[in-house]
Amino acid sequence: MKTTKTWNVLVVEDQLGDVHLIKLAIESWPEVVLYTVPNAVQARQFVLRKVPFGHVPTPDLILLDLRMPIHDGSTVLSTIYGDPAFAECKVVVFTSSRLLADQSRCKKLGAHDYVNKPMDWPAWKETLRDILHKHLNGFAERPEPLLPA
């Protein structure tokens, strides 16, 4: 009997365009289930399973934007830092910020990786594929189907 592993990925991103690019880049892997929230407040509710997120799975990976209104992504890192329920959850700060101070602060708060958002579409696909390979245990990319000639 063949079992198919699924990975739950929470995307915390306030820019709808970036959410759309992430969805497009990951849609070729149906075993990756995306959940999205637009801000750190809802991300905290999601990871703590507060209303309206009472029945969501614990994410295997969180793609966390850093620069968001009201609270930045570091508040999400503070919420899950040291919580045993998130021991297996990887957090990748996926941001446009290139500031070394931001990177250092995120690493101190427990981020597993700090990745800058790419500038073009091919780089988005490659970067997200690399994140999945690096941070989802057992993830193996299927080759893209060949296009008819």
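The values are calculated or read from the model by the stated rules, or taken from the named source; none is laboratory data. The structure presented is a predicted model; accordingly, all values stated were derived computationally and were not measured. Positions of Cβ are backbone-derived with ideal geometry, glycine not excepted, and every protein chain shown enters the neighbour counts.
Anything in the stretch 58-79 that is over 14 Å from the mean Cα position of the chain (by Cα) and either under 25 Å from Gly138 (Cα atoms) or among the β-branched types (Val, Ile, Thr) (or both)? List them, or say none.
Correct list: Ile70, Thr75, Thr79.
Only one of (1) in contact with a Phe, Trp or Tyr (Cβ under 9 Å, 6 or more places away or on another chain); (2) surrounded by fewer than 13 Cβ atoms within 10 Å (Cβ to Cβ) fails for Asn116. Which number is that?
The one condition Asn116 does not meet is (2).
Could you list, in sequence order, all residues of the stretch 128-144 that are buried (at least 16 other Cβ atoms within 10 Å of the Cβ) and under 14 Å from the mean Cα position of the chain (by Cα)?
Leu128, Arg129, Ile131, Leu132, His135, Leu136
Quick check on my filter: what residues within the stretch 106-124 are in a helix (DSSP H, G or I) and either in contact with a strand residue (DSSP E or B) (Cβ under 9 Å, 6 or more places away or on another chain) or under 17 Å from Ile62 (Cα atoms) (or both)?
Within the stretch 106-124, Cys106, Lys107, Lys108, Trp124 qualify.
Look through the stretch 87-97, keep the residues that are hydrophobic (A, V, I, L, M, F, W, C) and either within 17 Å of Val19 (Cα to Cα) or more than 14 Å from the chain's Cα centre (by Cα) (or both), and return whichever of them is surrounded by the fewest Cβ atoms within 10 Å (Cβ to Cβ).
Ala87
Restricted to the stretch 22-45, and to residues that are surrounded by fewer than 18 Cβ atoms within 10 Å (Cβ to Cβ), outside any strand (DSSP E or B) and among the hydrophobic types (A, V, I, L, M, F, W, C), which residue is modelled with the lowest pLDDT?
Val41
Just one of Leu66, Leu77 is touching a strand residue (DSSP E or B) at 6+ places or on another chain (Cβ under 7 Å), surrounded by 15 or more Cβ atoms within 10 Å (Cβ to Cβ) and assigned to a loop (DSSP other than H, G, I, E, B); which is it?
Only one candidate passes the filter, namely Leu66.
Can you find a residue that is touching a helix residue (DSSP H, G or I) at 6+ places or on another chain (Cβ under 9 Å), free of Cβ contacts under 8 Å to residues at least 40 places away in the same chain and crowded, with 17+ Cβ neighbours inside 10 Å anywhere in the stretch 50-58?
Yes, there is a match, as at least one residue in the stretch 50-58 is touching a helix residue (DSSP H, G or I) at 6+ places or on another chain (Cβ under 9 Å), free of Cβ contacts under 8 Å to residues at least 40 places away in the same chain and crowded, with 17+ Cβ neighbours inside 10 Å.
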